[in-house]
1. Just one of Ser71, Ser30, Ser81, Ser2 is farther than 30 Å from Ala232 by Cβ, among the polar types (S, T, N, Q) and modelled with pLDDT under 65; which is it?
2. Where in the range 151-260 are there helices (runs of 4 or more DSSP H), lying wholly inside it, with at least 2 residues that are under 29 Å from Ala110 (Cα atoms), within 25 Å of the chain's Cα centre (by Cα) and modelled with pLDDT under 90?
3. Among the candidates Lys70, Lys64, which residue alone is touching a Pro at 6+ places or on another chain (Cβ under 7 Å), more than 30 Å from Ile215 (Cβ to Cβ) and either free of Cβ contacts under 8 Å to residues at least 24 places away in the same chain or in a helix (DSSP H, G or I) (or both)?
4. Quick check on this structure: which one of Ala121, Ala126, Ala50 is at pLDDT 85 or above and in a loop (DSSP other than H, G, I, E, B)?
Amino acid sequence: MSHLLRTVLLCSGFLLTPVVYSVVGAQAQSAITPLPDPVVGAVPAAPSDAQETYDGVAIQQLMKIVELSKSIGGGISQLFSTTQTQTKALVGTKTFPVNNDMGDQTGRQAGTGLLEMANAALGGVAIGPQTLIDALTAFRTDYGLNQAFALLNDTSFSKVMAARASAQGAIVASTAEDSYKRANASMARIDGYIAALQSSADLKTSMDINTRVTIELVQQLNETLRTQAAIASMAGTYFMIMGGEAGESDNLSGLVNFNR
């Protein structure tokens, strides 16, 4: 072995030995699975003029370098594998329900408006999401609303107003029933999101869960606004009926004040 090569190996071993065999180096090395020996070709035969020699120190340093290179290669492989795993976790879709089928879309759209739905109910037609229509159908049967709606064609102004008030009240009650059921379903899904969050193994899954919970909160807020709007509409209807009845012409008062 030439003097120059021996010097390089000894210097390399001296510089690398504190890193590999220090306390920190030993802990880091134990956390890494070294790579197996690479596959190499046949060892070339010694040249005819080679001199036989044995340098135990040089051989020991070479052994350290080989082990260190295997640890470095194993560490790089583990980092690459971890990076691949995290990359897969950060892309692609998750299997959480997105609540965007046709029924969900129709429910979020609701009806065209409270007045429009009330007028449609008076005309014998129910419009809006299916759950609202189902509630309205049940109320018509349970409270005998068909007879009340038929008062719309009565000659008495107060009965006409009673028919309109009944229709408005039925829509308010149906809206509240629909919103209550949809809010309950939303809260049930949130329970599932909480359980999924507890077992979330990566950042993207947690972010996806957070996004879906935000969607649920927006939906619940919308259900609250719809119910409040329906209640406000019913209160307004009451005062409009009072005003309409007060403004009705009174034929009897004309007879009483008739100047003979």
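1. Working: Ser71 fails: modelled with pLDDT under 65; Ser30 fails: modelled with pLDDT under 65; Ser81 fails: modelled with pLDDT under 65.
That would be Ser2, the only listed residue that is farther than 30 Å from Ala232 by Cβ, among the polar types (S, T, N, Q) and modelled with pLDDT under 65.
2. Values: elements: 157-198, 203-246, 251-256.
Per the criteria, 157-198, 203-246.
3. On the way: Lys64 fails: touching a Pro at 6+ places or on another chain (Cβ under 7 Å).
None of the other options fit; the residue is Lys70.
4. Values: Ala121 fails: in a loop (DSSP other than H, G, I, E, B); Ala50 fails: at pLDDT 85 or above.
Step by step, each of Ala121, Ala126, Ala50 is checked, and only Ala126 is at pLDDT 85 or above and in a loop (DSSP other than H, G, I, E, B).
The values are calculated or read from the model by the stated rules, or taken from the named source; none is laboratory data. None of the values given here were measured: they were computed from a predicted structure. Methodologically, a virtual Cβ is constructed for each residue, glycine included, from the backbone with ideal geometry; neighbour enumeration extends over all protein chains shown.
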